[in-house]
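Here's the structure we're looking at; comments come further down.
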Amino acid sequence: MSPLFTGRAGFALVIAAGVIVTIALPLIDGMFGLVQATVFIAMAVLALSLGFIWGFGGIMCFGQSAFFGLGGYAYAIAAIDFGGSSWAVLLAIAVPAAFAAMLGYFMFYGRISDAYMGVITLTVAVILYNVMNSTSGSQYHIGAAELGGFNGMPSVPPINLPGDPSAALSPLQFFILSMILLMAVYTGLRLLLASRFGRVLVAIRENETRAMLLGYDPRFYKLVAFAIGGGIAGLSGCLFTNWGGFISPTAFSLAQSAQIIIFVLLGGIGTLLGPIMGAVAIEYLITLTGTQHRFDANLILGVILLGFVLLVPQGVVPAIAAQLARVIPARRRAGASSQTVTAP
Amino acid sequence: MSGTALLQASGVSKRFGGVTAVDTVDFSLAEGELRCLIGPNGAGKSTFFKLLTGQLAPSTGTIKFRGHDVTHAKTHEIARLGVGIKTQIPNVFNGLIVRENLYVSAIRINKPARARAIVDEVLARLALTDIADRLVGVLAHGQRQWVEIGAVLAQEPDLILLDEPAAGMTHEEVARTAQLIREINRTKALIVVEHDMQFIRMIAKQVTVFNQGRILVEDNVEHVLANQAVRDVYLGKRAA
Ligand SMILES: Nc1ncnc2c1ncn2[C@@H]1O[C@H](COP(=O)(O)OP(=O)(O)O)[C@@H](O)[C@H]1O
Ligand SMILES: [Mg+2]
């Protein structure tokens, strides 16, 4: 990994760009564009969740949508039952995190191999999809919240200002909140990766046997990372549900899981900035192709993805970073070269 | 003797299907001892190390480290008791720089400042300071061996196992390794697996000879090298 986006300067650059987007976008974009951008942000948070556990924990998760959906449903149910949104947001993070911890305990302490881990996570997402699909009818409810089967849950109360359920956030406020949360997640993950925990986690990804021979228990580190990833995916589900005021079983779908993987692959595995960029770029493309009718949107998307995977197999952000590193004199980067662990 | 043993293996065997790689081995190591383990390829030396470090569980027998029964302990638990190992095939963090390899090792029980001090110390001791910021994956085999030895030193274990530390090293490097091993032995116990007789002569006091999974002889270095049975199975085979 090029040291260009690593280190403090790179971090400051990324956050500065985030702040500029937060301020500038509402000025140049209309309400429609702003609402569109907000769902891109939710997807970026989702991409970060997988980018973290896969890129840094080396954990293959083909069913990250499971935690996304759980977060969305947890928020919807809690928001309907409790009225306010503070508890709902917390539950949207805590429920998928706890679920990921349980699943992770079974997988990591049960010595499930990497390949089966992919299969198991995928299966879990499929099961959740089917379970939620079959909850049609008023007998399926949690408190006052009807689950709604394949129709999903409409009219989910939006996030409000803390302590005042009647003060729902405006689209502009919600956009700003989403940007702040995205930057907070990014910052939190950067700090985590720079900490002892993060450095050991990356070492385990590099060589699990060596980590054990040094006295680390890889199962514990992977479990914690997986649970954190679940919580972040849950937060994304919460943002997504808020964005549309709606959540349905498609949140658990295979297509959704596949999309998260593509965000990460396209943006660049082993980075944090990459998945964010990947998510935004693909969501933008989907929006573009969705507004024209000459070609099938999925076909166009498929061709573009195939092209990228063949031409830029390491992902866009690492490729750009490598190019920039070639242009910028080595002398200026020397100080950052010991930072290989904290990738962007 | 057994009361003061640092490491005590009793009747330890390991079978892989029909192959008995380690066959009812009784092995004892005193605190602060330096032991050489020699024997032809396939004698079971590396497998024995894997049993000692919990990478494999013995089929029979018991292993004790400072009185703790570690026969079925997990690898990381044994490491925490104070056992470090350089494996025959280097186990290093290829995607990390040299310094980070050592830091991850030192940080397990130390605060960051102390861990960094240990890393600098070990880098200097192993003459790795110049390549401290290079990725381990791009280094030559010999250098990666040094990095692995460095990680083991940064771990600060009480018992160090070295599986063929001089393999693939130049003449000078072999001499330096021998010097280092004697230095480490001032404060720590070691078991060193090696083929190179020259090297064994440089470092050895007590030598254990493995053959077909069993201990053939265990004696001081002169007696072992003069032993006819050892010459037959080992020196004869290698014509060294
Ligand atoms: N994982 C394994 N599965 C099957 N046989 C093995 C395995 N590991 C080692 N062996 C066999 O055990 C014997 C001892 O091997 P090893 O301990 O590597 O010997 P040494 O290190 O003394 O050269 C050899 O016959 C080897 O083929
Ligand atoms: Mg061997």
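The values are calculated or read from the model by the stated rules, or taken from the named source; none is laboratory data. Remember, it's a predicted structure, so these values are computed and weren't measured experimentally. Cβ atoms come from the backbone with ideal geometry, glycine included; neighbour counts cover every protein chain shown.
If only one of A:155, A:138 is surrounded by fewer than 20 Cβ atoms within 10 Å (Cβ to Cβ), among the small types (Gly, Ala, Ser) and within 30 Å of residue A:32 (Cβ to Cβ), which one is it?
Selected residue: A:155, the only one of A:155, A:138 that is surrounded by fewer than 20 Cβ atoms within 10 Å (Cβ to Cβ), among the small types (Gly, Ala, Ser) and within 30 Å of residue A:32 (Cβ to Cβ).
Name the residues in region A:229-281 that are aliphatic (A, V, I, L, M), under 27 Å from residue A:10 (Cβ atoms), surrounded by 24 or more Cβ atoms within 10 Å (Cβ to Cβ) and modelled with pLDDT of 90 or more, would you?
Correct list: A:232, A:233, A:235, A:239, A:260, A:264, A:272, A:273, A:276, A:279.
Does residue A:193 satisfy being free of Cβ contacts under 8 Å to residues at least 24 places away in the same chain, more than 21 Å from residue A:117 (Cβ to Cβ) and within 14 Å of chain B (Cβ to nearest Cβ)?
No.
Table: residues versus (1) surrounded by fewer than 24 Cβ atoms within 10 Å (Cβ to Cβ); (2) out of contact with any Cys (no Cβ under 7 Å at 6 or more places or on another chain); (3) under 24 Å from residue B:50 (Cβ atoms); (4) among the polar types (S, T, N, Q).
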position	(1), (2), (3), (4)
B:72	yes, yes, yes, no
B:112	yes, yes, no, no
B:141	yes, yes, yes, no
B:151	no, yes, yes, no
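Yes or no: region A:140-147 includes at least one residue that is among the hydroxyl-bearing types (Ser, Thr, Tyr) and touching a Cys at 6+ places or on another chain (Cβ under 6 Å).
Looking through region A:140-147, none of the residues is among the hydroxyl-bearing types (Ser, Thr, Tyr) and touching a Cys at 6+ places or on another chain (Cβ under 6 Å).
Within region B:24-87, which strands (runs of 3 or more DSSP E) (wholly inside it) include 2 or more residues that are in contact with a strand residue (DSSP E or B) (Cβ under 8 Å, 6 or more places away or on another chain) and within 15 Å of ligand 1 (Cβ to nearest atom)? Don't jump to the end; show me each part of the working.
On the way: elements: B:34-38, B:60-65, B:83-86.
Because the criterion is at least 2 residues that are in contact with a strand residue (DSSP E or B) (Cβ under 8 Å, 6 or more places away or on another chain) and within 15 Å of ligand 1 (Cβ to nearest atom), the strands (runs of 3 or more DSSP E) in region B:24-87 that meet it are B:34-38, B:83-86.
Among the listed residues B:62, B:75, which satisfies the condition of being touching a residue at least 40 places away in the same chain (Cβ under 8 Å), more than 16 Å from ligand 2 (Cβ to nearest atom) and touching a Ser or Thr at 6+ places or on another chain (Cβ under 8 Å)?
Just a single option satisfies the conditions, and that option is B:62.
Among the residues of region B:148-164, how many are closer than 10 Å to residue B:118 by Cα and in a loop (DSSP other than H, G, I, E, B)?
2
So, restricting to strands (runs of 3 or more DSSP E) that lie completely within region B:166-240, which ones have at least 1 residues that are closer than 26 Å to residue B:146 by Cα? Please lay out each step first, then the result.
Details: elements: B:189-193, B:206-211, B:214-220.
Passing ranges, in order: B:189-193, B:206-211.
Among the residues of region B:38-53, is any within 14 Å of chain A (Cβ to nearest Cβ), over 30 Å from residue B:134 (Cβ atoms), touching a residue at least 60 places away in the same chain (Cβ under 8 Å) and within 16 Å of ligand 2 (Cβ to nearest atom)?
The answer is yes, given that some residue of region B:38-53 is within 14 Å of chain A (Cβ to nearest Cβ), over 30 Å from residue B:134 (Cβ atoms), touching a residue at least 60 places away in the same chain (Cβ under 8 Å) and within 16 Å of ligand 2 (Cβ to nearest atom).
Could you tell me whether region B:106-116 includes any residue that is at the interface with chain A (Cβ under 7 Å from one of its Cβ atoms) and more than 16 Å from ligand 2 (Cβ to nearest atom)?
Scanning region B:106-116 turns up at least one residue that is at the interface with chain A (Cβ under 7 Å from one of its Cβ atoms) and more than 16 Å from ligand 2 (Cβ to nearest atom).
Any idea which of (1) away from ligand 1 (no atom under 12 Å from the Cβ); (2) in a strand (DSSP E or B) is the one residue B:108 doesn't satisfy?
(2)
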